[in-house]
Amino acid sequence: MPPANLCILNFGASLVRGHTDYGLRATPYATWMKERLEARWPGTELDVVVDGVSGDMVTGTPGFRGRIGRLCKLGWFSLGMWAVVFGFHDLGGLA
């Protein structure tokens with residue numbers, strides 16, 4: 001049974017922001033995600049939030065860790081779902 005309400009946080013860097021055409025356009029996949037979920041779960045109230053920061057890295061300052069910490073302090077940890085997406089280049093030397 002589909003949920004009555006669902007909030008999904010899309011968190012990451014340029015991939016989440018939706019950079020295409022070498023950064024000349026932004027088309028967040030969260031838009032596509034919301035359309036598909038609305039079609040699958042009609043009547044579900046969906047809130048799809050995009051928190052993609054181009055150029056942010058896992059190891060940077062504040063980086064992913066700092067941003068996740070800020071979101072948790074604001075109560076975002078209680079969301080129904082988080083989608084965390086980053087590329088290998090966002091590891092900043094950890095790969």
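The values are calculated or read from the model by the stated rules, or taken from the named source; none is laboratory data. Just so it is clear, the structure is predicted and the values come from calculations on it, not from any experiment. Every residue, glycine among them, receives a Cβ derived from its backbone with ideal geometry; neighbour counts consider all protein chains shown.
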Considering the range 56-91, residues that are modelled with pLDDT of 75 or more and assigned to a loop (DSSP other than H, G, I, E, B), and then whichever is nearest to Ser14 (Cα to Cα), we arrive at Asp56
Qualifying positions in the range 1-14 - part of a loop (DSSP other than H, G, I, E, B) and closer than 12 Å to Gly52 by Cβ: Ala13
I'm trying to understand the selection: among the residues of the range 15-55, which are farther than 20 Å from Pro2 by Cβ, part of a loop (DSSP other than H, G, I, E, B) and touching a residue at least 24 places away in the same chain (Cβ under 8 Å)? Gly18, Pro28, Val53, Ser54, Gly55
Name the residue that is surrounded by the most Cβ atoms within 10 Å (Cβ to Cβ), counting only residues in the range 1-58 that are within 23 Å of Gly69 (Cα to Cα) and out of contact with any strand residue (DSSP E or B) (no Cβ under 7 Å at 6 or more places or on another chain). Asp56
Report the residue count in the range 1-53 for those that are hydroxyl-bearing (Ser, Thr, Tyr) and closer than 18 Å to Trp82 by Cα. 4
